[in-house]
There are 2 protein chains.
Amino acid sequence: MKKFVVHELLHHTLMNRPDSEIVSGPVRLTYEKMYERILRLADRLGRMGIGRGTVVGVMDVNSHRYLELHYALSMLGAVIHTLNFRLSGEDLAYTIRHAEDEWLFVWDGFAEAAKPLRRLVPNWVWLSEDAEGPEPGTPTYEGLVEEGRATEPQSADDVDETAPYSLFYTTGTTGRPKGLLYRHRDILWASLQMAHHLALHRTGASVRSDDVFMPLIPFFHIHGWGTTMFVPYLGAKLVLPGRSGPREQLELIRREGVTWCNMVPTQLQMLLGELEEGETLPLKVLTGGSPLPTGLARKARARDVSYSLIYGGSDQLGASIAVVPEGMDPASPEADQILATRMRAMPMVEIEVRDKSGSLVPRDGKTIGEVWVRSPWLPSGYYKDPERSEESYVDGWFRSGDLAVQHPDGTLYVADREKDAVKSGGEWIPCGVLESVLSEHPKVEAAAVVAKPDERWGARPLAAVKVREPVEKEELARYLEERVKEGRIAKFWVPDDFVFVQDLPVTSAGKVHKAALRERLGLA
Amino acid sequence: MKKFVVHELLHHTLMNRPDSEIVSGPVRLTYEKMYERILRLADRLGRMGIGRGTVVGVMDVNSHRYLELHYALSMLGAVIHTLNFRLSGEDLAYTIRHAEDEWLFVWDGFAEAAKPLRRLVPNWVWLSEDAEGPEPGTPTYEGLVEEGRATEPQSADDVDETAPYSLFYTTGTTGRPKGLLYRHRDILWASLQMAHHLALHRTGASVRSDDVFMPLIPFFHIHGWGTTMFVPYLGAKLVLPGRSGPREQLELIRREGVTWCNMVPTQLQMLLGELEEGETLPLKVLTGGSPLPTGLARKARARDVSYSLIYGGSDQLGASIAVVPEGMDPASPEADQILATRMRAMPMVEIEVRDKSGSLVPRDGKTIGEVWVRSPWLPSGYYKDPERSEESYVDGWFRSGDLAVQHPDGTLYVADREKDAVKSGGEWIPCGVLESVLSEHPKVEAAAVVAKPDERWGARPLAAVKVREPVEKEELARYLEERVKEGRIAKFWVPDDFVFVQDLPVTSAGKVHKAALRERLGLA
């Protein structure tokens, strides 16, 4: 590649591994074949008026068409807006208006949900399986590919690394989603550094060019956590799951020889749930979005699944990923626990944990502070939102609003979103730790801890528990008291009360929606 | 790191692995301690007038002082000119004048050789072991470190990724050395991509953060092939060999637990020569500068040394490194051979093999063409040398003047420098292959093939052979004929004659100096 722009990645891939496969539903492509389709698409879209700075919304599950759009739009100097289809209709419409999308590319499978969006944009393309779309007169993706010429558009040479490339929105639980507009170099750098981090260190989610990748994180989450870029960069085989449930995903893993996946803990739980008694699943999993409960981590290890926890976010891109510290035996139980909880900053990233006054908290593994992040790909603020930018982007740092402790070896344990945390008697209670410990109880399936207003302490923790089989509150309290004796949790963290729930509300990113839970429990 | 500049690397290192060691002769430092010394040095040098754009020559063996200068000069926005002390005195003086060095930092060990350089620069510092230098009145490095304050200089924040950082010269065997001025981003990128390549693929010289590194390639060769940057980036333990012979290097490897070295094949030969009968040396070696003879590669494997061949150069930085192709058993003899001969372009690098007309030669593993290289860190030309730049830097590509074949899988076999190659009857003869095959003969220590003018064929190969024990020319000819039958070499490659030599002349980079050899043999 002569320039650090997204579509240039493919030049290296084509030289080294043109025959590597991309599998997407019934479609099997090679990088060489896909490149030809990308050229055709770019040519056709260019002639339809998509060019430098055009904002193009895409609403699709992880498919080869979505992947191709990433590269074709790069060649045109256009901006890809990856639509979070799990947002409410209202928020989704808001992001389309805020992004000023001129085009929408929508998968047939979302036809119903996308209906109200139609009037918001002047141009519409159906991401149909074939050249015939759901309605005559509206162009289809495969039709456009057929009509294009396989020559690199002139514009491909003019795109600069500082040109805007990618636009996506946070799934904020308070207020409207916030937009992030990244330049080619930012999104490329963060994506590739993820792969580099996972190759340079010992970790449960190690990456090498002979791995077979299946991203289960939707592309609207930071491009499937960078996979749309770093997998082609490696020239590795890529399996795209489309709309699939855990059973189909398991079948794909077996059939295509998948060795590496990313997913949120909820997806991991569901995938493991599909396994037969005693069946194993040799797989490397990068997981994050919410803490990995200890109980789930143990279950994974028992099934031969190795893992590593990532912490990052749309507003800063990748920041830190758990690795086995140098000198520690990677097969030890200690290493297992670290890979589920303690993260090391990605190379080039600096992370600081600061108190309210902005001073660093001691690296003692105990003192809780706020996570501040700095990296060469950090944006200067939210897209068209100076007010909220000013709060979060300060002096070249991003203040995350997440609470964490830093260990003496520099690793990070992220406990909570600050607004979800419980402050009791002036001290933070890391709900994530409590939830993880509770999840280890054999009768508990999942737990979420929220703040209950308290006259004396300001707030006290309340645990919402989803059970596998009935259990007494007293048993849970006794169980936690034993963990206090072991030193795993502090005495004042033990919730004053437990509430049994049928289900925990989750956000579109698969995290427990604490605000909705508090509301449901009458605490908001 | 907030910017992609050299000294910013250390911020990540200090956060993650402040206690990792740097061992340099009797000195043992941590990154934290070294950082303090770098700050003191930068502060003192800044107050002495070294600042943005000041060109500072350094003439030292691989030491912690040399490493520290890399970072202190970066903080000041200065340019580090790494002096190739193996150049002739005349060429060395030429590079100092051409670079317009304002300062020279010279190790005591070079005092005698450096005498004639003294009058070429206004400012001189002795890189002595202690604050007392060889002569009163001339500042010493340790004296400056002692006098400095440990605060980051103001200038450190102003250095931009496009600022010039590093200047070094080729060891051209014809004409004056050519200068290359690299910017922070270029040299950082190329260096880090070397580490990334060696982590992302299966290779004999794999890199991970828990490796212990000892660069035997001098820092004047592209900063020890990037190690001054990528080892601190990993926060890994670094052992600096100073001026040492193979015996001392072997001792260092054993004592400090070194797992990774870089060196030219000659150094590897010498290192293996130090081993006792039956003794093994578990070590990963990145080697290059000249082809790795098959005989030497076998010897290395037999001693537990794994290896990988790198191809690159001062005028393009790293370009390609041998890796085991995906799907091949890394423990197979086939993999061993590939790691010694066939290279894959580093990620982000494109390599093309072209014929005289500029067309790509077929990827058939047979057709010889010239290597053209493109990467995001490619310079636009030689420093202050538009004429020679124009020949070598064409349309954003670097034409290397090296001859190679490309295999169907995209890997590269580099046969020769074009000017060293033999063209016989209109066909190239890859001397590197012949030399490698000859080196496998038990009585041959080393061989070099050069062109002998021939009336009928234009040129015919002549082999200069250094023997271990006496051998008849006929025996060598018969031996090669057998290799022809095996299909390893073509019939017309077999040299018409052999000359026995006591020694082969080598360049300052440790390669056989073909021009000098031809002259010695009366062929020039």
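So, in nm, how far is label B:Ala331 from label B:Glu486 when the simple model puts each one 7 Å beyond its Cα toward the Cβ?
2.4
Around A:Asp454, under 12 Å between beta carbons, what's the net of Lys plus Arg minus Asp minus Glu among the other residues?
Values: positive: A:Lys423, A:Lys452, A:Arg456, A:Arg460; negative: A:Glu455, A:Asp496, A:Asp497.
So the environment of A:Asp454 carries a net charge of +1.
Projecting each Cα onto the charge dipole of the range B:185-418 (Lys/Arg +1, Asp/Glu -1 at the beta carbon, about the Cα centre), which of B:Thr227, B:Trp189, B:Thr259 comes out farthest on the positive side?
B:Thr259
Rounded to whole Å and ordered largest first, report the semi-axes of the equivalent ellipsoid of the protein assembly as shown derived from its Cα gyration tensor (root of 5λ). Let's see the in-between values first.
Values: eigenvalues 544, 245, 156 Å².
Equivalent-ellipsoid dimensions as semi-axes: 52, 35, 28 Å.
Per residue, how much space in cubic angstrom lies within the convex hull of the C-alpha atoms of the range B:302-447?
Per-residue hull volume (Cα only) is 145 Å³.
Which ordering of B:Thr82, A:Thr507 is given by a fewest-first count of other beta-carbon atoms within 10 Å?
Listed from fewest to most nearby Cβ atoms, that is A:Thr507, B:Thr82.
How big is the antiparallel share of DSSP beta bridges in the range A:185-418, given as a percent to the nearest 5?
60
Along the charge dipole of the range B:185-418, pointing to its positive end and built from +1/-1 on Cβ of Lys, Arg, Asp and Glu, which listed residue (B:Leu412, B:Met270, B:Ser290) has its Cα farthest out?
Of the options given, the answer is B:Met270.
Note down the nm distance, to one decimal, between modelled labels 7 Å out along Cα→Cβ at A:Val499 and at B:Arg247.
Using points 7 Å along Cα→Cβ, the separation is 7.9 nm.
When a footprinting reagent is the concern and you count Cβ atoms within 10 Å, what order do B:His221, B:His441 take, fewest first?
B:His441, B:His221
The range A:185-418: D in µm²/s via Stokes-Einstein (Kirkwood Rh, Cα pairs, 25 °C, 0.890 mPa s)? If you can, show how the numbers build up before the last one.
Values: Rh = 18.2 Å.
It comes out at roughly 135 µm²/s.
Quick check on chain A: helices-only [θ] at 222 nm, where DSSP H runs of length 4 and up contribute -39,500 (n - 2.57) each and the sum goes over total residues. Nearest 500, please.
The helix-only estimate for chain A comes to -9000 deg cm²/dmol at 222 nm.
Using only Cα atoms, what Kirkwood radius does the range A:70-137 have, in angstroms?
Over the range A:70-137, the inverse of the mean reciprocal pair distance is 12.9 Å.
Amide H to amide H, which residues 5 or more places from A:Val79 or on other chains are under 5 Å from it, using H placed in the peptide plane?
Sorted by chain and number, the residues that satisfy this are A:Gly53, A:Thr54, A:Val55, A:Val56.
If you place +1 on the Cβ of every Lys and Arg and -1 on the Cβ of every Asp and Glu, how big does the dipole about the Cα centre of the range A:421-520 come out, in debye to the nearest 20?
280
Straight-line reach only, C-alpha to C-alpha below 29 angstrom: list the lysines that B:Lys115 could link to, leaving out same-chain residues fewer than 8 apart.
B:Lys178, B:Lys384, B:Lys511
Label the range A:330-369 by shape, choosing from rounded, prolate and oblate, from the square roots a ≥ b ≥ c of the eigenvalues of the Cα gyration tensor; if a/c is under 1.5 it is rounded, and otherwise prolate applies when a/b is larger than b/c, oblate when it is not.
oblate
Quick check on the range B:1-91: take the gyration tensor over C-alpha atoms, sort the square-rooted eigenvalues as a ≥ b ≥ c, and tell me if it's rounded (a/c under 1.5), prolate or oblate.
oblate
Can you work out ³J(HN,Hα) from phi for every residue in the range B:36-46, in order, using Karplus 6.51 cos²θ - 1.76 cosθ + 1.60 and θ = phi - 60°, giving whole Hz and x for Gly and Pro?
Once rounded to whole Hz, the list reads 4, 5, 5, 4, 4, 5, 4, 4, 5, 5, x.
With an 8 Å cut-off on Cα pairs and a minimum separation of 6 or more residues, tell me the relative contact order of chain A in percent.
11
Work from the charge dipole of chain A (Cβ charges, +1 for Lys and Arg, -1 for Asp and Glu, about the Cα centre) and give the residue of A:Leu180, A:Gly53, A:Leu127 farthest towards its positive end.
Ranked along the dipole, the leading option is A:Leu180.
Report the GluC sites (Glu not before Pro) located in the range B:461-522 that are in a DSSP loop and have at most 11 other Cβ atoms inside 10 Å of their Cβ, or state none. Intermediate results must be reported in sequence, preceding the final value.
Working: sites: B:Glu472, B:Glu474, B:Glu475, B:Glu481, B:Glu482, B:Glu486, B:Glu519; in loops: B:Glu472.
Filter output for the range B:461-522: B:Glu472.
Averaged across orientations, what area in nm² does the convex hull of the alpha carbons in the range A:465-524 project? Kindly include the intermediate steps, with their values, before the conclusion.
Numbers: hull surface 20.9 nm².
Averaging across all directions leaves 5.2 nm² for the Cα convex hull.
What is the pair-distance distribution P(r) of the range A:6-178, computed from all Cα-Cα distances in 10 Å bins starting at 0, with each bin given as a whole percent?
10, 38, 37, 14, 1
Please report the net charge: other residues with Cβ closer than 10 Å to the Cβ of A:Glu161, K and R +1, D and E -1.
0
May I ask you to derive the FRET efficiency for B:Lys2 and B:Asp385 from their Cβ-Cβ distance with R0 = 41 Å, giving the value to the nearest 0.05? List each step's numbers first, then the result.
On the way: r = 35 Å, r/R0 = 0.84.
Step by step, r from the Cβ atoms, then E = 0.75.
Taking 10 °C and 1.306 mPa s as the conditions, I'd like the Stokes-Einstein D for the range A:421-520 in µm²/s, using the Kirkwood hydrodynamic radius from alpha carbon pairs.
116
What distance in nm separates the simple spin-label points at A:Glu277 and B:Glu32, each placed 7 Å from Cα in the Cβ direction?
With each label placed 7 Å out from Cα toward Cβ, I get 5.4 nm.
Just the ratio, please: alpha-carbon radius of gyration of the range B:102-215 over 2.2 N^0.38 Å, N its number of residues.
Compared with the compact-globule rule of thumb, the range B:102-215 sits at 1.42.
What residue in chain B has the Cβ closest to the axis turning B into A, and how close is it in whole Å?
With distances in whole Å, chain B gives B:Ala199, 2.
Using a 10 Å cut-off around each Cβ, can you sort B:Phe220, B:Phe398, B:Phe110 from fewest to most neighbouring Cβ atoms?
B:Phe110, B:Phe398, B:Phe220
Tell me the Kirkwood radius of chain A: reciprocal of the mean inverse pair distance over distinct alpha-carbon atoms, in Å.
Taking every pair of different Cα atoms in chain A, averaging 1/r and inverting gives 23.9 Å.
Report the net charge of residues surrounding B:Phe219, where surrounding means a beta-carbon distance below 12 angstrom and charges are Lys +1, Arg +1, Asp -1, Glu -1.
Result for the local shell: -1.
We did not get these values from a lab; they are worked out from the coordinates using the rules stated. In this text the structure is predicted, and so the values were computed from the model without any measurement. Because the Cβ atoms are built from the backbone with ideal geometry, glycine has one as well, and the counts that use them run over all protein chains shown.
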